[in-house]
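Read through the structure below, which is laid out as structure tokens, and then see the notes.
What follows draws every value from the coordinates through simple rules; no lab data is involved. It should be emphasised that the depicted structure is a prediction, and the values quoted were computed from it without experimental measurement. As a convention, Cβ positions derive from the backbone with ideal geometry for all residues, glycine included, and neighbour counts pool all protein chains shown.
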Amino acid sequence: MPITPFGPSVPEVPLTRAPLVNVIAQVRFPPVMKVEDRAFVASFQEAIRRDYPILRPERQLGALVGSGGIQPQDAVTVWRFETKDPDTWQVTLAPTFVSLSAKRYTRRSDLLARLTVVLHALEGWLQPNICDRIGIRYVDRLAGEQLARISTLVRPEILGVVGDEAALDRAEVVHALSDALFHLEDSSQLRARWGRLPAGATYDPGIEPARESSWVLDLDHHTSQPEDFDLATIGGKAADFCERIYTFFRWAITDAFLDEFGAER
């Protein structure tokens, strides 16, 4: 039987004006240092170049977080393959992972279909034996007029003090962030973070701060232990994770949220 930790799955309702900041699907594997080699990566580029014709290599400094604090690591090459509109889809390849991300998102089926193509290309070229981690992450952000009406868009159980500012009299909520980690029966985990942030603030270096006050909902579902690199297994888990994230998302929001952001019913 499928695992439904947040209740039965609900039908997807596409939003024409979804307040999405980012959606990321990532598969991690043990380090393959030859991915640093431009000539070696050329075969992977050819496999996906029709859909992602723009290549932008970057050098990134690494960091190891441990009991002694943050220790800098050697810089690594990260290869970014983009669609003609870079804000639409991007494939990122590094010595330890491949990811697919988008800032504008339509349907879940599009994400999963694109991820399947990328992983097929990766397996045929790199032939990784181990999958260290499978992760799906969605980040939504509300600001402006939507933030002013957030108590009608998001359930009070999620809003907490942000949804009851009237009770605080003259005190203004500047920062209120919740962080919950759920362990599921299949040994996967869902990390949910949500709350209000002031202008220019962020809780994660990977999330660009907004220029104005905002409210975020960040849902990150991932495996917690290594397993064999099997495309069918990875694809099945990615689909399950997307479904669970969406079930949590639909529980957290109201029908008014769907209407506000252009629900296609």
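Please tell me the relative contact order of region 131-265 in percent, rounded to the nearest whole number, where contacts are Cα pairs under 8 Å and at least six residues apart.
Computed over region 131-265, the figure is 35 percent.
Using a simple spin-label model with points 7 Å from Cα along the Cα→Cβ vector, what separation in nm is obtained for D228 and R211?
Result for the modelled spin labels: 5.2 nm.
Quote the Stokes-Einstein diffusion coefficient, in whole µm² s⁻¹, for the chain, based on the Kirkwood radius over alpha carbon pairs, a temperature of 37 °C and a viscosity of 0.692 mPa s.
Translational D for this selection: 164 µm²/s.
With 5 Å bins from zero, work out the P(r) of region 93-209 over every alpha carbon pair and list the percent per bin.
Once binned at 5 Å, the Cα pair distances of region 93-209 give 2, 7, 15, 16, 16, 15, 10, 8, 5, 3, 1, 1, 0.
Take the alpha carbon gyration tensor of region 2-61, find the square roots of its eigenvalues, order them as a ≥ b ≥ c, and report rounded if a/c is under 1.5; if not, report prolate when a/b exceeds b/c, else oblate.
The shape class here is prolate.
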